[in-house]
Amino acid sequence: MDVLWMIPLLLLMIIPLLMCTSSTFVFYFKKFFYVAWMMVLALIAIPLCILKSGGRDIENMRIIRFMVRHVKYLLGLRFEVSGWEHLQTEGPYVVISNHQSSLDVLGLMEILPDRCTTIAKKELVYAGTVGLICWLGGIVFINRKKTSDAKSVMADAAKTMLDDQIRLWVFPEGTRNQNGDLLPFKKGAFHLAVQAQVPIIPVVFSSYSNFYLRKEKQFKSGVIRLKILPKIETKGMTSDDVSSLSDKSFDLMRAAFLDISDSITRSNGPVRH
Ligand SMILES: CCCCCCCCCCCCCC(=O)SCCNC(=O)CCNC(=O)[C@H](O)C(C)(C)COP(=O)(O)OP(=O)(O)OC[C@H]1O[C@@H](n2cnc3c(N)ncnc32)[C@H](O)[C@@H]1OP(=O)(O)O
Ligand SMILES: CCCCCCCC/C=C\CCCCCCCC(=O)OC[C@@H](O)COP(=O)(O)O
């Protein structure tokens with residue numbers, strides 16, 4: 001019994017010691033902590049959402065957003081948001097952003113407009129309490145392995161956006177990417193906006209490579225710039241315009257990404273890929 005008591009005490013002494021001496025330990029500890037803490041937060045949010053709305057409802061995103069807002073402080077991250085005024089657009093729209101890591105959820109919750117949910121891969125629904133909270137928050141799940149299914153879900157989403165006056169956040173790269181640049185965009189987000197005839201609001205996260213390096217196992221404190229760009233109208237566009245709309249969005253976002261990532265580099269040291 002006496003020995004068992006010693007274990008938490010020892011951990012309390014060893015963890016800070018390791019945190020001070022080993023950056024690899026910090027990397028794994030912060031990653032583990034992030035996932036575990038999100039699971040706990042989701043566990044708390046589940047009954048709150050069910051009590052408030054009785055089930056799957058986009059209004060639950062308010063609760064989820066509120067619950068996640070403090071997590072950045074625990075990981076030593078800070079957000080610098082610019083372009084808030086561009087989100088002050090009435091009615092439905094599609095938000096598109098680059099996607100580097102699951103940490104993007106923190107930035108998403110930092111600026112998530114009301115009545116806005118996201119599109120995610122269907123595997124996420126199996127992520128324990130996080131999966132359930134995603135479902136309760138009205139997240140639209142797509143099967144990325146079956147283009148025809150994904151397309152029909154997106155077509156339904158275009159109709160729901162208008163019927164229920166909701167906004168959707170899409171990661172047009174379609175997967176996480178930390179190669180120091182953007183991946184080519186998939187077309188779903190642009191078909192969605194054109195089908196619903198709603199504007200697109202591009203959002204760019206600066207590169208995480210000045211504080212988070214997967215290969216080098218580093219996870220330091222850092223600043224993430226979030227730049228909200230002016231909306232792109234799609235009124236009158238047809239499916240013929242989707243490619244040029246996608247190219248235009250890509251060019252604007254890539255330029256902004258290089259710009260804000262570069263300005264961080266200059267103040268915090270070199271970007272390493
Ligand atoms: C408290 C705790 C809280 C926790 C909170 C957690 C919050 C969680 C946040 C979660 C964050 C999680 C984040 C995540 O999980 S991100 C990962 C999942 N998200 C995405 O993948 C979204 C982006 N992907 C797309 O938009 C893709 O285009 C889809 C998936 C739709 C298809 O991709 P696919 O690779 O299969 O095909 P393709 O894009 O090459 O297109 C092929 C052809 O089809 C045409 N086409 C495409 N779409 C449409 C359409 N709608 N109508 C008509 N046509 C359409 C297209 O033009 C092309 O034709 P052509 O042009 O070549 O002729
Ligand atoms: C009992 C089951 C345990 C499952 C454990 C999974 C735990 C995940 C829990 C918390 C992490 C916090 C935020 C989750 C949101 C993650 C969204 C995300 O970034 O998904 C990845 C997806 O966009 C792209 O996927 P790929 O890069 O194609 O792959």
Matching residues in segment 76-103 - criterion: being surrounded by 15 or more Cβ atoms within 10 Å (Cβ to Cβ) and touching a Ser or Thr at 6+ places or on another chain (Cβ under 8 Å) | Leu77, Ile96, His99, Gln100
Hey, Ser152 hits all of (1) surrounded by 14 or more Cβ atoms within 10 Å (Cβ to Cβ); (2) modelled with pLDDT under 95; (3) not in a loop (DSSP other than H, G, I, E, B) but one; which does it fall short on?
-> (1)
Is one or more of the residues making up segment 138-147 more than 11 Å from ligand 2 (Cβ to nearest atom), under 25 Å from Val40 (Cβ atoms) and either aromatic (Phe, Trp, Tyr) or part of a helix (DSSP H, G or I) (or both)?
-> yes
Complete set of residues in segment 174-199 that are under 19 Å from Ser239 (Cα atoms), more than 6 Å from ligand 1 (Cβ to nearest atom), out of contact with any helix residue (DSSP H, G or I) (no Cβ under 6 Å at 6 or more places or on another chain) and not in a helix (DSSP H, G or I) = Pro184, Gln197, Val198, Pro199
Where in segment 58-117 are there helices (runs of 4 or more DSSP H), lying fully within it, with 3 or more residues that are closer than 17 Å to Met38 by Cβ and in contact (Cβ under 8 Å) with a residue 60 or more places away in the chain?
-> 60-68, 104-111
Does Ser101 meet the test of being within 11 Å of ligand 2 (Cβ to nearest atom) and of a type outside the set (A, V, I, L, M)?
-> yes
Checking Val203 against (1) more than 23 Å from Met109 (Cβ to Cβ); (2) modelled with pLDDT of 95 or more, which test does it fail?
-> (1)
Taking the stated definitions as given, is Ile50 within 22 Å of Met154 (Cα to Cα) and touching a helix residue (DSSP H, G or I) at 6+ places or on another chain (Cβ under 9 Å)?
-> no
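The values are calculated or read from the model by the stated rules, or taken from the named source; none is laboratory data. Note that this is a predicted model, so its numbers are computed, not measured. Neighbour counts are summed over all protein chains in view; Cβ atoms, including those assigned to glycine, are modelled from backbone coordinates with ideal geometry.
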